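Below is one structure, written out as structure tokens, with a few remarks after it.
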Amino acid sequence: MSQYFSTQRQTVTVLRNQSIDSIPLERTVRLDVVLPPHFDPAAGPYPVLYLNDGQDLNRLRLPATLNGLYRRQALRPFVLVAIHAGERIREYGTAARPDFLNRGEKAGLYTEFMLRELMPSVQEQYHVSADPRQVVVAGFSLSGLSAFDLVWHHPEVARRAGVFSGSFWWRSRALSEGYTDADRIMHNLVRHGQAHAEHQFWLQTGTQDETNDRNHNGIIDSIEDTLDIMATLTRVGLPEPSVRYVEVVDGRHNQHTWAHVMPDFLQWAFGVDARSGWQISRPPMKAIPSHHWESTRRMINRRHPRMRKRRNSSYLAASSAPSSAMNPITTRPAPSEYLEYYQTYIGYIPEGADPIAHLQAQFWQVQQLTNMLTDEQANLAYAPGKWTIKEVLLHILDTERIMAYRALRFARGDQQNLPGFEQNDYVPNSGANERQLSDIAAEYAATRAATVALFRTFTPAQLDRAGTANNGPASVRALTYIVAGHEAHHLHILRERYLPLL
């Protein structure tokens, strides 16, 4: 160990706000560079870690974690290059192709930036190694997919990748358009590629990364997609010991979980003794490291017997309405009872299902969602000019209140023509993004309770009453279906376009 460490204080040096002007990305890329204790430009060359989403350096507690590991003499000195994200949804992804919504269309340009601009510049300025065996690339969620993609396709520059909660769901077809597992882009790229003999991957998931289970097999999608990428790697010739899989029980899709498991990754990548294990001591989160693994089904059955019992607990997943609701509504409105525009929303409620029960079930899905998101995550818009998650939630509430008001007036026999409203004026004036997510969630609960209480009072005769709104017909029955279906429509969009980017 004496070749690596002195007896002086082991403290890293963080060089903030470094930058490089990128020609392919047409922007200035900010960097934070973390130098090991006693960094000596004349020594080396140093191993190097290129870290995507480097703007989260402090939220990941990386400087403090590195200081602790260096003091314990657990790491070889290496240089960390933290690359701040730019147009994250456009620049991260798979270089070969974007996803079905054309997200990641600049991923190829980002790869070009890494290979042609960043790596040569860092090698020159900080005396880091160009030996691909000494180069590690890592990232989180979508940036983790980018790290994996670069290392898989370019073993001539880097042969090891670290992927925290990787977006291996990245797909070429929407779930609503006949999606199958064959539509996962990275799995196909690996399946038709060839593993390098020295490829190594560190892959992490959390059992609370999400709760979606698109094929209802009891395994959340983030875990299943990761296990499937591991199985695909072995099928193309990568030895099982070349993959380290770490699963964090109760781990979530956020920087807290990733910071918690960061020492395991750092010691895997730059540890003095690669055989030394690392155990988490802070409950309730626990890590399940695995140097070897079996088939997907056997491993899940061994590690997650409880997960098979939760197959219908997916938040924002399609739900079945309770059958024991008081005064259930099961007769659908006739097309003459609503404007044609609303057919899309009414179509979200299955034949024979009670729309009020759907409202109740969907409320709990939204509550699960808001409990799992941070305020920062809830300010996400899946594309420029689109609403944020907070704005979507308030739009659902605005529409619910207006439709419930119409239903109340028509149920009471009011025949006045009620005016319409313009959602694109309401949303920017809602102030949603300036509010706390917990405050919006509380308003959501109050509004939903009032809506359900009102709708449950409607008698069959009242449900059949109709009036005119926005210069078109609207029965009380149709408005009940529209409120539930409108929310279902937006939950589908959240599930399909927003949540995979978190």
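The values are calculated or read from the model by the stated rules, or taken from the named source; none is laboratory data. The model shown is predicted, which means the values in this text are computed figures rather than measured ones. Cβ: placed from backbone, ideal geometry, glycine included. Neighbour counts: every protein chain shown. Just so you know, the surface numbers come from the protein's heavy atoms only, side chains and all, with ligands and any DNA or RNA stripped out. Shrake-Rupley method; radii C 1.70, N 1.55, O 1.52, S 1.80 Å.
The table that follows gives values for the structure above.
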{"item": "For the chain: accessible area per residue (Å², 1.4 Å)", "result": "43"}
{"item": "Residue-averaged [θ]222 nm for the chain, counting only DSSP H segments that reach four residues, each worth -39500 (n - 2.57)", "result": "-11000 deg cm²/dmol"}
{"item": "Crossing angle, helix 389-411 versus the chain [Cα axis fit, 0-90 degrees, rounded to tens]", "result": "10"}
{"item": "Nitroxide proxy distance, nm - points 7 Å out along Cα→Cβ at R27 and R133", "result": "3.7"}
{"item": "J(HN,Hα) series, region 226-237, from Karplus relation 6.51 cos²θ - 1.76 cosθ + 1.60, nearest Hz, glycine and proline x", "result": "5, 4, 5, 5, 5, 5, 5, 4, 5, 5, 9, x"}
{"item": "Listed peptides 421-432, 19-30 by packing density, highest first (mean Cβ within 10 Å)", "result": "19-30, 421-432"}
{"item": "At 1.306 mPa s and 10 °C, Stokes diffusion of region 153-235 via Kirkwood alpha-carbon radius, µm² per second", "result": "115"}
{"item": "In degrees, nearest ten, helix 255-270 long axis to first principal axis of the chain (Cα)", "result": "30"}
{"item": "Amide N proximity, region 347-383 versus H256 label position 7 Å along Cα-to-Cβ, cut-off under 12 Å", "result": "371-375"}
{"item": "Region 91-179: Cα Rg divided by the 2.2 N^0.38 Å rule of thumb", "result": "1.17"}
{"item": "Accessible surface of the chain, 1.4 Å probe, proportion on carbon and sulfur as whole %", "result": "49"}
{"item": "FRET efficiency estimate (nearest 0.05) - Cβ-Cβ, H192 to V14, R0 30 angstrom", "result": "0.15"}
{"item": "Cα-centre dipole for the chain with unit charges at Cβ (Lys and Arg positive, Asp and Glu negative), debye to 20", "result": "1360"}
